Amino acid sequence: MRAAEAGRRNRRAKRGNGAMERLEGAALERARAALRRWEGRTAYVHLETTQGAYARHHRGEAHPVGGLVQNARVVIERASLLGPGPYRLGLVTVDGYALVEGLTHWEEAGGGPDGRPEDALAFYALLADGKLAAAFILSTAPRALAGRALVGTEVLDLAAAAEASEHPAPFGGTASVPDAGSGSPPLGPPGATVLSIFPHPDDETFAAGATLARWAASGARVVAVTLTLGELGRSLGDPPFATRLTLSDVRRQELAAALRALGVERIVLMHLHDKTVEFVDREALVRRLLETIETYRPQTIVTYYPGYAVHPDHDATGEAVAAAVARLPRDRRPAVYGAAFAPGWERLGPPDYVVEAGAFWPKKLAALRAHASQTGALFREYEALLAAGDQAAEAAFLARFREERFWRVDVETGRDP
């Protein structure tokens, strides 16, 4: 009996850590049994529904719709997984109830002894394209609230050359501002420092991958600041290989691989929570960014242009960067350039500079591939164009990523000077 139970625990543990299963056959019965083990216990609930922040931008929908509740503490009286599939999950709690529907997959993580509930039990609604539409997670302890106190910055060195310099480059003042349409990044003297500041892993590659690679190749010290780990992204791989329980770790590894491909020396992780940058204590965030800027003393910062970057996290990041730089004396302010791609970006006028990927396209392409959980479907589309021999469509596809455009941000107003 003990050996059989140990075997069952081992199988449960192996299925955890990202081994998501479809709710069908024996897996469905295992999921129902696992859910029943939570009855009579206190649990913390993560309930999420999402269309994605790009619902209107990419798919023309009226507006993004979704919701998120994290770490709601409940005492479960009854738990059921019902329906012919996709399935409905219902909890009856001491104080009320919870419901989520459309569920297609499940996983459990950890390995509680002697039949006790696992550390976490998760159910997912995946659409036909593999994108996440809903997640429902029970855990025995609160899930990490990244960024709640805005503490705990983590620094990752990507190369031996990334050891902290004893004599950081001076602040801005010598950084050149290029003419509109210039392909030359705005750098100061040799050995200048550049900061990229973006909210999610892969933002830096899509918005500025070739630019960062060009700066690094020119001898600049390039440091990437990433505010969140993008743990609430809808894409889990194509086909899905990550889950809500593993996506933050997956994207952390992808970020490091992508930035190595671009030649970035160091990553600064701020560990804010995905999709909540606009809701954190703004003053605390601005101070954190200011401390980082003062630590690295860049001549140039590249980020998102406030109000023209589609995702609320993007806009909030650009606004906070501008506010942080505005607190520096004018003669010590780095130049701030923002990427803009939201509808209406034409109102900004011509970009201050345009970078054609050119010789740095292979580096950007490698970085995009490194973000596999987010770009798998993109490369499937690209490979289909190659197989079809549609050169015009292929050229149009590549044009979306080969060109990077930036506008100078007036840090006093958060807008164009």
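Rule-based calculations on the coordinates, nothing more; no lab input. Predicted model only: the values in this text are computed from it and were never measured. Ideal geometry is used to build each Cβ from the backbone, glycine not excepted, and the neighbour counts take in all protein chains shown.
Quick one: if the Förster radius is 22 Å, what FRET efficiency do residue 294 and residue 410 give, using the C-beta to C-beta distance and rounding to 0.05?
Between residue 294 and residue 410 the formula returns 0.60.
Kirkwood-based Rg over Rh for the range 253-398 (C-alpha set), two decimals?
Result for the range 253-398 is an Rg/Rh of 1.00.
Please give the net charge around residue 257, taking every other residue with its beta carbon less than 14 angstrom from that of residue 257, where Lys and Arg add +1 and Asp and Glu add -1.
For residues surrounding residue 257, the net value is +2.
How do 41, 30 rank when sorted from fewest to most other Cβ atoms within 10 Å of their own Cβ?
41, 30
What are the semi-axes of the equivalent ellipsoid of the range 154-408, taken as the square roots of 5 times the eigenvalues of the Cα gyration tensor, listed largest first and rounded to whole Å?
Here the semi-axes work out to 27, 21, 18 Å.
Can you tell me what the convex hull of the Cα atoms of the range 312-417 projects to on average, as an area in nm²?
The directionally averaged projection comes out at 8.8 nm².
Cα centroids of the range 188-241 and the range 353-417: how far apart, whole angstrom?
Cα centroid of the range 188-241 versus Cα centroid of the range 353-417: 13 Å apart.
For 211, 292, what's the fewest-to-most ordering of other Cβ within 10 Å of each Cβ?
292, 211
For the range 304-369, restrict the atom set to alpha-carbon positions and state the Rg and Dmax in Å.
14.5, 40
Compute the FRET efficiency between residue 33 and residue 383 as 1/(1 + (r/R0)^6), taking r as their Cβ-Cβ distance and R0 = 41 Å, and round to the nearest 0.05.
Efficiency at R0 = 41 Å is approximately 0.50.
Going by how many other Cβ atoms sit within 10 Å of their own, how do 203, 274 line up, fewest first?
The order, fewest Cβ neighbours first, is 274, 203.
Please find the FRET efficiency linking residue 354 to residue 391, where r is the Cβ-Cβ separation and R0 is fixed at 22 Å, and quote it to the nearest 0.05.
About 0.40, to the nearest 0.05.
Taking 0.36 nm per residue of separation and subtracting the Cα-Cα distance, what length does fully extending residue 341 through residue 72 add?
Extra length available between residue 341 and residue 72 comes to 93.2 nm.
Determine the percent antiparallel among the DSSP beta bridges restricted to the range 154-408, to the nearest 5.
DSSP beta bridges in the range 154-408 are roughly 35 percent antiparallel.
I want the local charge near residue 89. Using Cβ-Cβ distances under 11 Å, sum +1 for each Lys or Arg and -1 for each Asp or Glu among the other residues.
Once all neighbours under 11 Å are counted, the net charge is +1.
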